[in-house]
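S.K.: Quick one: structure below, then a few questions.
Computed from the coordinates by the stated procedures, all read-outs in this text should not be read as laboratory data. Note that the structure is a prediction, hence the values are computed from the model and not measured. A quick note on method: Cβ atoms are made from the backbone with ideal geometry, for glycine too, and the neighbour counts reach across all protein chains shown.
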Amino acid sequence: MNTQDIINEQVTTNSVVLYMKGTPEFPQCGFSAHAMKILNACGINNIFTVDVLSNPEIRQGIKEYSNWPTIPQLYIDGKFIGGSDILTEMYQNGELQKLIKK
């Protein structure tokens with residue numbers, strides 16, 4: 001499988017996927033830490049996370065897959081939601097919580 005196939009499998013077989021720098025326990029950037037805080041505040045327990053720092057092919061491949069230049073990136077039910085700034089806005093106006101409950 002090539003990198004795009006791997007990414008496609010990850011986002012389509014897991015309900016919530018976060019591509020981040022580091023791990024949920026040890027995020028390696030403030031934006032990734034912030035994204036995890038938001039998802040935890042929404043009560044999501046089954047987050048599939050991918051540490052892009054440990055895999056350069058995935059790090060570049062996810063940017064191409066989503067056509068989005070930054071990390072973190074959140075996918076819910078196979079759909080690209082956005083990065084940290086979009087998650088913050090969606091959380092503050094209640095959209096993210098509604099999306100997760102579906």
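S.K.: Given a Förster radius of 25 Å and the C-beta distance between GLU57 and ASP77 as r, what FRET efficiency does 1/(1 + (r/R0)^6) yield to the nearest 0.05?
M.R.: Details: r = 25 Å, r/R0 = 0.98.
It comes to 0.55.
S.K.: Another question, if that's okay. Using the Cβ atoms and a cut-off under 12 Å, what net charge is assigned to the surroundings of MET1, where Lys and Arg are +1 and Asp and Glu are -1?
M.R.: So the environment of MET1 carries a net charge of -3.
S.K.: Let me ask something else. Sort the following peptides by mean Cβ neighbour count (other Cβ atoms within 10 Å, averaged over residues), highest first: 9-16, 73-80.
M.R.: 73-80, 9-16
S.K.: Suppose the chain between PHE26 and ASN2 were pulled fully straight at 0.36 nm per residue; how much longer would it get relative to their current alpha carbon spacing?
M.R.: Additional length available on full extension: 5.9 nm.
S.K.: With θ set to phi - 60°, apply the Karplus curve 6.51 cos²θ - 1.76 cosθ + 1.60 along the stretch 51-57 and write out the HN-Hα couplings as whole Hz, x wherever there is a Gly or Pro.
M.R.: 7, 6, 5, 8, 9, x, 5
S.K.: Same structure again: Cβ under 11 Å from THR49's Cβ, THR49 left aside: what net charge do those residues give with Lys, Arg +1 and Asp, Glu -1?
M.R.: On the way: positive: LYS21; negative: GLU25, ASP51.
Counting the neighbours of THR49, the net charge comes to -1.
S.K.: Relative to a virtual label point 7 Å from the Cα of ASN46 in the Cα→beta-carbon direction, which members of the stretch 15-38 show backbone nitrogen distances below 16 Å?
M.R.: Residues passing the 16 Å test: 15-18.
S.K.: Would you list which aspartates and glutamates come within 15 Å of LYS63, measuring only between C-alpha atoms, while excluding same-chain residues fewer than 8 positions from it?
M.R.: Within the straight-line cut-off, LYS63 pairs with ASP5, ASP51.
S.K.: Enter the Cα centre distance for the pair the stretch 86-102 and the stretch 41-59, rounded to the nearest angstrom.
M.R.: 18
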